[in-house]
Amino acid sequence: MLIGARAVMGSNGSHKAIDPASGETLEPAYGLASEAEVEAACALAWAAFDTYRETGLAERAAFLEACADEIEALGDALIARACAESGLPRARIEGGRGRTCGQLRLFAQVVREGSWLGARIDPAMPERQPLPRADLRQRMIALGPVAVFGASNFPLAFSVAGGDTASALAAGCPVVIKAHNAHPGTSELVGLALQKAVARCAMPEGTVSLIFGAGTAAGTQLVSDARIKAVGFTGSRGGGTALMHVAAARPEPIPVYAEMSSINPVYLLPEALAARAEALGKAFVGSLTMGAGQFCTNPGLLLAIEGDALERFVAAAVAAMHEAGASVMLTPGIASAYAAGVERLAGHPQVETLARGLAGEGPNRCQAGWFATDADTFLADEALQEEVFGAASLLIRCRDLDQMKALSEHLEGQLTATLQLDTGDIAAVRTLLPVLERKAGRILANGWPTGVEVCHAMVHGGPFPATSDSRTTSVGTRAIARFLRPVCYQDLPEALLPEALHAANPLGLWRRTDGELARA
Ligand SMILES: NC(=O)c1ccc[n+]([C@@H]2O[C@H](COP(=O)([O-])OP(=O)(O)OC[C@H]3O[C@@H](n4cnc5c(N)ncnc54)[C@H](O)[C@@H]3O)[C@@H](O)[C@H]2O)c1
Ligand SMILES: O=CCCC(=O)C(=O)O
């Protein structure tokens, strides 16, 4: 583990990674955190907080860029270890490294630009009648140390130096990262890169710590620690909601930004289906089976109106499914949860198995599964909304547009809603759109939900259970706002004000002065 500047062998037992492709155990053993070790990481993060949160914009941006540089400097050792621990192909891991470093550099730009500080100035109005107005100035400050839980399915871009870490560090929050046990070696390498960047940029020691933990104890202790002020999490609904409860039960409750569970409905609208049923069928299977379906954006639910065009779509997708290879899943636990989920669907008396992919050879293979039912069955059985993490999807045959809309009202919160539409479908979509806006964080047309762009306009979020807090996003630059809060300074002399609020605007920020936005 990396506790501040130290490398520590955890003293609470040990853990080894498994290569899911072969089922073999990988060396070395990683020591797991004792209570005292979790406590030490939190103490260092707290000690770092007041210094780190006041680092200059250029200085903090350079630190984020140094994190990216150090990750790249790990070279092939990182790629090889991440492939071995995750079973993901090299191209996917290399892409993940690019996304991770690009994300850190994007947040560096955001930090430098400074509008995230949200500077507002309402100058004093001593002559105002009937009452004078005080001088009021506002800026955003960092919330405090953040507990980050690395995700299993993106061992780089949603893990140790992933979006939660990048956005928390950008906001000025030290991080204590709980590594995912699926990829301890990858976590260690990336953690070492961050530790080097901390030293190279002379950031306070506790800016980054990385712990390993067995089961739920270390994560629970971390979220319970009074010095932790927010949580970033990507994983299961059970894990995310458990941490929400831990955070809410603290004497001082804290926000949990958990990204958990989504089945990402895809609407096959009639005109689009009639025009390109075969192409859509093939493309659907491509999106479903990519990366063994281990994406939170995986298209786990299709909605369409019964008819010939739908049957053409089904025939094309079934043909593609029969050729879909069985990719390696991330962990034996995820593979067995997938197999159980597929079995549940296949054994449901009102669910038809439309197609299975190739079975594959070797351990932890994901045999894709596609199932169908009617809208009445789906409406009557909540369990059919449960995410089956992996390449499984359920087609709902609807009688008409009204039933499609009723079914949409019934859906839980989602990360995405996808519309396959043509011009002739616009009127129908107009009636669906208000429902989808209430249900999902991202609505997309004529694409597939997998593949999330890291940019300014992205929303990777949505109402529960997609996330624990629909007001924000875990991907894209808006994610920084999760770890900030406003402070107002009333009548403080300039000598005590932060530079962002000085009269001369020394940081050159866009500021809202008396309601007017200007760089003045
Ligand atoms: N929707 C998604 O994006 C997504 C991503 C990964 C996994 N999953 C789902 O999660 C299942 C298990 O996968 P996983 O291991 O990645 O996720 P997980 O939620 O089990 O674990 C994620 C992290 O949270 C910690 N954790 C989990 N429960 C906890 C608790 N009660 N208290 C404290 N810490 C806790 C774990 O130790 C781990 O570090 C998968 O089969 C899949 O269903 C979903
Ligand atoms: O698994 C969650 C993230 C999905 C994602 O970022 C993507 O589809 O690119």
Fill in: Between 0 and 90°, nearest 10: helix 308-322 axis offset from the chain longest Cα axis
80
Worksheet entry | Rounded to 5, percent antiparallel among DSSP beta bridges of segment 265-445 | 20
Worksheet item: Out of residues 5 or more away from VAL148 or on other chains, whose amide H comes under 5 Å of its own, with H placed 1.01 Å from N in the peptide plane?
Response: VAL176, ILE177, LYS178, GLY232
Response to the item:
For segment 265-445, the Cα gyration tensor yields equivalent-ellipsoid semi-axes (√(5λ), largest first, whole Å) of 26, 17, 15
Practice prompt. Taking the Cα centre of segment 181-307 as origin, work out the dipole magnitude from +1 charges on Lys and Arg Cβ and -1 charges on Asp and Glu Cβ, in debye rounded to 20.
Written response: 280
Worksheet item: Within the chain, what percent of beta bridges assigned by DSSP are antiparallel, to the nearest 5?
Response: 40
Worksheet entry | Degrees between helix 237-249 axis and first principal axis of the chain (Cα, 0 to 90, nearest 10) | 30
Worksheet item: Which shape class applies to the chain: rounded if a/c is under 1.5, otherwise prolate when a/b exceeds b/c and oblate if not, where a ≥ b ≥ c are the square roots of the Cα gyration tensor eigenvalues?
Response: oblate
Worksheet item: Of THR220, ASN264, GLN195, which is farthest along the charge dipole of segment 169-319 in the positive direction, counting Lys and Arg as +1 and Asp and Glu as -1 at C-beta?
Response: GLN195
Item to complete: Would you work out the charge dipole size for the chain about its Cα centre, treating the Cβ of every Lys and Arg as +1 and the Cβ of every Asp and Glu as -1, and quote it to the nearest 20 debye?
Response: 880
Worksheet item: How many nm is it between the label spots at LEU131 and THR513, if each spot is 7 Å from the Cα in line with the beta carbon?
Response: 2.6
Item to complete: Note the angle between two axes, namely the Cα long axis of helix 332-346 and the longest principal axis of the Cα atoms of the chain, as a number of degrees from 0 to 90, rounded to the nearest 10.
Response: 40
Item to complete: Could you sort out which of LYS178/LYS282; LYS178/LYS405; LYS229/LYS439 sit more than 32 Å apart by Cα distance in this structure?
Response: LYS178/LYS282; LYS178/LYS405
Discussion item. Counting only trypsin sites (Lys or Arg not before Pro) that sit in a DSSP loop (anything but H, G, I, E, B) with at most 14 other Cβ atoms within 10 Å, what is the longest stretch of the chain containing none of them?
Written reply: 129-398
Worksheet item: Can you give the calculated 222 nm mean residue ellipticity of the chain, where each DSSP H run of n ≥ 4 adds -39,500 (n - 2.57) and the sum is split over every residue, rounded to the nearest 500 deg cm²/dmol?
Response: -12000 deg cm²/dmol
Worksheet item: With +1 on each Lys and Arg Cβ and -1 on each Asp and Glu Cβ, how big is the dipole of segment 249-374 about its Cα centre, in debye rounded to the nearest 20?
Response: 320
Worksheet item: Using alpha carbon centroids, what distance separates segment 352-412 and segment 118-191, in Å?
Response: 37
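A short reminder: the numbers here are calculations on the coordinates, not readings from a lab. Bear in mind that the values here come from a model prediction, so they are computed numbers and not experimental data. Positions of Cβ are backbone-derived with ideal geometry, glycine not excepted, and every protein chain shown enters the neighbour counts.
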